[in-house]
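A.B. asks: One structure follows; several queries about it will come next.
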Amino acid sequence: MKKFIQLLTLSRIIAGPIIFILVIFFQYFTVALTVFILASLTDFMDGYLARKFNAVSTLGAILDPIADKILLTFVIIVLSLELNSAFIALSGSLILAREYWVGALREFNARSGNIKATNVTFLAKVKTTIQLFALSLYLLFLSTGQALLILIADLTLFISLIITLQTAVSYTIASFSRS
């Protein structure tokens, strides 16, 4: 079971470049959307299965957030390019900066014995869900051409950005203020 769960995580790492290639080189937007949705589902499934079958592993715990960052990075870049959107580029850059910052905080906390300060919170899970939904909406726009989807995706991405920044602040405060 551990191998299958790790395979789910690895599929997100592979999905990022595949989505990039599908969009930039082939304009296979619907296929890219399908791959992205499947990859997004693995983000939920690998953690769920690991907990359900008591198959949590050190490798999985390390790879999971890295897989998320790789998927997000490729999709944010490809959407910024394909849609020629400074908004997606700026929002995406801030989202990715938060991901790297929290990764650094987790490393810092692991070394200083304060691991609980950066345990994944419910709000962080909501953030991820909204980010993935927003990116899905952009890919859906590319597939359908429905202009209203851009407005909804921009609003959703903005909301996810606010939550993203809030979680960064929360993790930072928890990391540097020991009770």
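The values are calculated or read from the model by the stated rules, or taken from the named source; none is laboratory data. It should be emphasised that the depicted structure is a prediction, and the values quoted were computed from it without experimental measurement. Quick reminder, even Gly has a Cβ in these numbers, built from the backbone with ideal geometry, and neighbours come from all protein chains shown. Just the protein is used for accessible areas: all its heavy atoms, side chains included, with ligands, DNA and RNA removed. Shrake-Rupley method; radii C 1.70, N 1.55, O 1.52, S 1.80 Å.
A.B. asks: If a residue must be open to solvent by 70 Å² or more (accessible area, probe 1.4 Å) and in contact with a Lys or Arg (Cβ under 8 Å, 6 or more places away or on another chain), how many such residues does the stretch 128-165 contain?
C.D. replies: The total comes to 1.
A.B. asks: List the residue pairs whose Cβ atoms are under 6 Å apart, where the first residue sits in the stretch 20-47 and is in contact (Cβ under 8 Å) with a residue 24 or more places away in the chain and surrounded by fewer than 16 Cβ atoms within 10 Å (Cβ to Cβ), the second is polar (S, T, N, Q) and in a helix (DSSP H, G or I), and the two are 6 or more positions apart or on different chains.
C.D. replies: Once the first residue is in contact (Cβ under 8 Å) with a residue 24 or more places away in the chain and surrounded by fewer than 16 Cβ atoms within 10 Å (Cβ to Cβ) and sits in the stretch 20-47, its partners that are polar (S, T, N, Q) and in a helix (DSSP H, G or I) give THR30/SER143.
A.B. asks: Continuing with this model, one more query. Quickly run through the stretch 48-76 and pick out the residues that are aliphatic (A, V, I, L, M), at pLDDT 95 or above and surrounded by 19 or more Cβ atoms within 10 Å (Cβ to Cβ).
C.D. replies: ALA67, LEU71, LEU72, VAL75, ILE76
A.B. asks: Ok, one more. Failed condition for TYR100, given (1) crowded, with 16+ Cβ neighbours inside 10 Å; (2) in contact with a Lys or Arg (Cβ under 8 Å, 6 or more places away or on another chain), with all others met?
C.D. replies: TYR100 satisfies every listed condition except (1).
A.B. asks: Only one of (1) surrounded by 19 or more Cβ atoms within 10 Å (Cβ to Cβ); (2) not in a helix (DSSP H, G or I) is not met by SER80, so which one is it?
C.D. replies: Unmet for SER80, out of (1) surrounded by 19 or more Cβ atoms within 10 Å (Cβ to Cβ); (2) not in a helix (DSSP H, G or I): (2).
A.B. asks: What single numbered condition from (1) of a type in the set (Gly, Ala, Ser); (2) loosely packed, with under 14 Cβ neighbours inside 10 Å; (3) at pLDDT 95 or above fails to hold for ALA89?
C.D. replies: So ALA89 meets the others, but not (2).
A.B. asks: Among the residues of the stretch 107-147, how many are touching a Ser or Thr at 6+ places or on another chain (Cβ under 8 Å), in a helix (DSSP H, G or I) and touching a residue at least 40 places away in the same chain (Cβ under 8 Å)?
C.D. replies: Final tally of qualifying residues: 11.
A.B. asks: Suppose we filter GLN166, GLN146, GLN131 for residues that are within 24 Å of ILE62 (Cβ to Cβ) and polar (S, T, N, Q); which single one remains?
C.D. replies: Within the list GLN166, GLN146, GLN131, the selection yields GLN131.
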